Each structure stands twice: as C-alpha cells, then as structure tokens.
Amino acid sequence: MKVLFENCKIYNSVEKDFYRGSLCVADGLISYVGADDGIKIESGTAVDLCGAYLVPGFIDAHTHGRAGGDFVTADEKLLSHMIDSYVESGVTGIMATLASATLDELYSAIERIRALDGANARAVLGIHLEGRYLNPRYRGAHAERLLSGLDCAELAEIISKMKNVGHAHVSAALELDGNGEFTKTAVNMGATVGIGHTAATYDEAMTAFSMGAGSLTHTFNAMPPLHHRGGGVIAAGMNNDAVFCELIADGFHVSPEMVKLLYRVKGDRVVLISDSMEATGCADGEYSIAGLPVTVKDGKARTHEGAIAGSTLSLIDGVKNLASFAEIPFEKAIYNATAAPAKMLGLYNSIGSLDVGKRANMLVLDKNFDVVQVILDGESIK
C-alpha cells in the first residue's frame with residue numbers, strides 16, 4: 001500500500017529546517033521524499049496535509065511509564081494502554097525503561113514487554129535498564145535495598161533477555177567497574193551504555209568512555225555537580241565530543257540557564273528524554289517508582305524523602321522547552337528528540353529522520369507545533 005503525503009513542510013534533519021515538498025510511503029517505509037510537489041503515484045492514496053509540518057516521530061530513550069502504568073509492574077493490558085498513550089503523544093520510538101527491582105521482577109517485566117502484541121507495540125524499540133547497578137550515594141528515587149554490585153555474568157543474562165525485545169541500553173555507575181569488564185560485557189553484546197546515578201570523577205568517566213560508554217544518563221541529575229576545582233563526570237561528558245548527554249528539559253530537573261549552557265556546549269549531542277513516570281498524563285496524587293512511594297504535586301514527583309522521582313513530562317513539551325530555554329528555533333530542537341536519540345542508540349539507519357528506506361514514523365504538526373496526527377510505519381494512528 002502506497003500513501004503520498006503532499007503539500008507539507010518536511011523536516012530536513014541535516015539542515016534542521018523545513019522545505020515544502022512531498023513524501024511517499026510504501027510498505028511502511030519511506031520510498032520517496034523531496035521538494036517535488038508534482039510527484040504522482042500509480043496506485044495508492046494521496047493525502048493533502050494543507051501546508052502542515054511533517055517531522056520524524058519522537059524517540060524517548062529514557063521513560064519509565066505514563067498513563068498510570070510503570071514498565072516494571074504493568075500487566076499486559078496496562079502496558080498496551082501505556083504504549084497507546086505514548087504514541088498518541090507523538091512518541092513513535094520507546095525505550096521501555098526499567099528502574100531498580102529484583103531480578104525476578106526485571107525478568108518478568110522484560111517478558112511482558114516482549115509479549116506485547118497490540119497494534120502500537122512496534123513503537124517499542126527495546127529496553128533501557130536503569131537500575132540495580134547504581135552508586136548508593138546517588139541512588140535518587142531508587143530503593144537502596146534493590147541495588148546491586150556490578151556483576152558481569154548477571155548483566156549478560158539480563159541483556160540477552162532484553163535483546164529479545166529489541167535494542168538494549170544500560171545505565172550504571174561505571175566508577176564501580178574497576179577493570180572495565182562490566183562496560184566491555186555490555187558493549188560486546190551489542191548494548192549501548194550510559195553513565196548514571198554516579199559519583200565518577202573526571203578521570204573515571206573518561207576511562208569509561210574509552211571502554212565504550214557513550215552517554216550520560218539524565219545529565220546533571222543523580223551525579224556530582226560541576227565544580228571549578230574538579231568538573232567530574234559532567235565536565236567529562238561535556239569535553240568528550242563523542243558523548244551524548246540525556247536531558248530532562250522540564251525546567252524542574254535542570255534550570256533553564258543550565259539547559260542553555262549544555263546545549264551551547266553539546267548541541268546535536270543533547271538527547272531529550274522525558275524520564276517520565278506512571279503519573280504522566282494523570283492527576284496529582286500518590287504513585288510509586290523503583291520500590292519507593294512517590295507524591296506528585298503540581299506535576300512534580302518526589303519520594304517521601306524529598307528526592308526527585310522521574311518527571312511527568314511529555315516529550316513534545318521537552319522539545320518546546322529546549323527551544324525556549326536555549327533560545328533556539330523549534331526546528332533545531334526537533335533534532336534532539338529524533339536524530340540525536342537514534343544516533344545515541346545506534347538506530348539511526350532505520351529511524352530518526354525522514355530519509356528514503358527508513359521506517360515511516362512521522363508526526364504532523366500544526367502551526368503551533370502541536371501534534372495533530374501520528375503516523376507509525378506509514379499508518380495513521382491519531
């Protein structure tokens with residue numbers, strides 16, 4: 001089945017700008033994209049987008065849940081409801097993120113995610129393990145009783161199960177990886193690795209990057225702050241041009257001026273994430289994450305000890321906030337929720353931009369850059 005989307009402003013991920021043109025989808029993949037509005041298809045459907053914006057679907061590389069569910073605990077029905085909510089919000093690429101839990105709970109969650117069979121289940125790209133292997137000093141909203149030392153054999157078993165779902169990404173306190181074997185185990189199994197919930201020094205972080213770690217997990221959060229006498233893990237991420245920096249751009253986790261600073265330093269290597277928890281899209285109230293109770297008030301989630309416990313951010317709002325905080329055009333910020341996460345995860349060959357041969361995961365935005373239509377593998381969802 002062919003569908004031609006015409007009369008639209010198409011996003012160019014290289015130029016980070018729009019051009020007027022047409023895009024054709026065949027069998028779920030982009031078969032043509034260009035400035036020629038006169039293209040015709042022999043069979044199929046033509047859709048006039050009436051000048052709207054056509055952009056790649058957003059990719060959320062770090063998200064624990066939304067719509068009342070958490071990826072660790074949700075049953076099959078709730079998981080399907082969560083995925084539908086993600087897609088309707090504009091996220092067509094989900095890294096289902098598992099917070100700290102027992103091994104049995106992690107394995108059970110992975111199996112339930114693997115078994116998803118709803119129409120939108122194809123939006124799940126894989127699993128992000130953000131748990132167990134954290135520094136207790138910077139555990140944030142993760143219950144200390146659920147943390148574990150870095151165990152290569154255990155990690156290998158977890159990753160093998162995660163890869164049954166799709167791509168595997170692991171966040172860990174890699175200063176605890178004395179000989180680098182933990183990092184090497186993950187990388188050799190095809191996983192991508194981020195440093196997170198960490199007390200790493202500058203040198204320890206640089207060593208982890210040299211062994212294959214490629215990103216900072218929610219930069220600035222759950223790690224020592226920048227200091228002029230020792231920049232630590234944050235300065236290491238900023239000074240290594242190859243490293244990606246996840247960012248929660250809600251104005252709460254990271255102040256607007258620090259968002260602007262990070263963008264000025266890292267630019268295309270800033271990866272917008274939601275780090276959303278189950279209360280996203282729900283009313284204030286009592287929730288939980290990583291074995292701890294959480295109170296959400298005015299949309300801000302905290303444990304009863306006062307630690308920030310994820311966010312209630314939708315990624316589209318993160319894009320708008322980045323544009324506002326960093327004082328850049330909205331179209332530049334789109335890159336940080338599309339191409340940047342795809343590249344961080346090593347998936348840019350199939351998603352993250354509107355190029356021929358890639359999955360036709362796209363959003364139609366109105367003049368206010370609000371999501372009015374979601375297209376997943378060429379099929380209109382919203």
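Scoring GLU278 on the criteria (1) within 18 Å of the chain's Cα centre (by Cα); (2) over 20 Å from VAL254 (Cα atoms); (3) open to solvent by 50 Å² or more (accessible area, probe 1.4 Å) leaves a single failure, condition (3). The residues of the stretch 253-276 that are aliphatic (A, V, I, L, M) and more than 18 Å from GLY93 (Cα to Cα), listed by number, are VAL254, MET258, VAL259, LEU261, LEU262, VAL265. All conditions but one from (1) crowded, with 24+ Cβ neighbours inside 10 Å; (2) modelled with pLDDT under 95 apply to VAL91; the one that does not is (2). The condition of being hydrophobic (A, V, I, L, M, F, W, C), open to solvent by less than 10 Å² (accessible area, probe 1.4 Å) and in contact (Cβ under 8 Å) with a residue 24 or more places away in the chain holds for ALA186. Checking each residue in the stretch 240-256 for being open to solvent by 10 Å² or more (accessible area, probe 1.4 Å) and either without any contact (Cβ under 8 Å) to a residue 12 or more places away in the chain or in a loop (DSSP other than H, G, I, E, B) (or both) picks out ASN240, ASP241, ALA242, ASP250, GLY251, PHE252, HIS253, SER255.
Comparison of ALA213, ALA153 shows that the only residue that is without any contact (Cβ under 8 Å) to a residue 40 or more places away in the chain, in a helix (DSSP H, G or I) and either hydrophobic (A, V, I, L, M, F, W, C) or open to solvent by less than 10 Å² (accessible area, probe 1.4 Å) (or both) is ALA153. Considering (1) of a type outside the set (Asp, Glu); (2) in contact (Cβ under 8 Å) with a residue 12 or more places away in the chain; (3) farther than 16 Å from ILE94 by Cα; (4) in contact with a Lys or Arg (Cβ under 8 Å, 6 or more places away or on another chain), the lone condition that GLY352 does not fulfil carries the number (3). Look at (1) in contact with a Leu (Cβ under 8 Å, 6 or more places away or on another chain); (2) outside any loop (DSSP other than H, G, I, E, B); (3) under 20 Å from HIS62 (Cα atoms) and you find that LEU347 fails only one, number (2).
Annotation: PRO293 fulfils all but one of (1) assigned to a loop (DSSP other than H, G, I, E, B); (2) without any contact (Cβ under 8 Å) to a residue 12 or more places away in the chain; (3) open to solvent by 40 Å² or more (accessible area, probe 1.4 Å); the unmet one is (1).
Scanning the stretch 107-125 for residues that are in contact with a Lys or Arg (Cβ under 8 Å, 6 or more places away or on another chain) and either of a type in the set (S, T, N, Q) or open to solvent by less than 20 Å² (accessible area, probe 1.4 Å) (or both) turns up just one, ILE110. The residues listed here are LYS343, LYS367; of these, the one that is surrounded by fewer than 21 Cβ atoms within 10 Å (Cβ to Cβ) and either over 18 Å from CYS8 (Cα atoms) or hydrophobic (A, V, I, L, M, F, W, C) (or both) is LYS343. Taken over the stretch 221-239, the residue count meeting the criterion of being more than 16 Å from GLY196 (Cβ to Cβ), open to solvent by 30 Å² or more (accessible area, probe 1.4 Å) and not in a helix (DSSP H, G or I) is 5.
The values are calculated or read from the model by the stated rules, or taken from the named source; none is laboratory data. Computed from a predicted model, the values in this text were never measured in an experiment. Here Cβ is always computed from backbone atoms with ideal geometry, including for glycine, and neighbour counts include all displayed protein chains. Note: accessible area is taken over every heavy atom of the protein model, side chains too, but ligands, DNA and RNA are not part of it. Shrake-Rupley method; radii C 1.70, N 1.55, O 1.52, S 1.80 Å.
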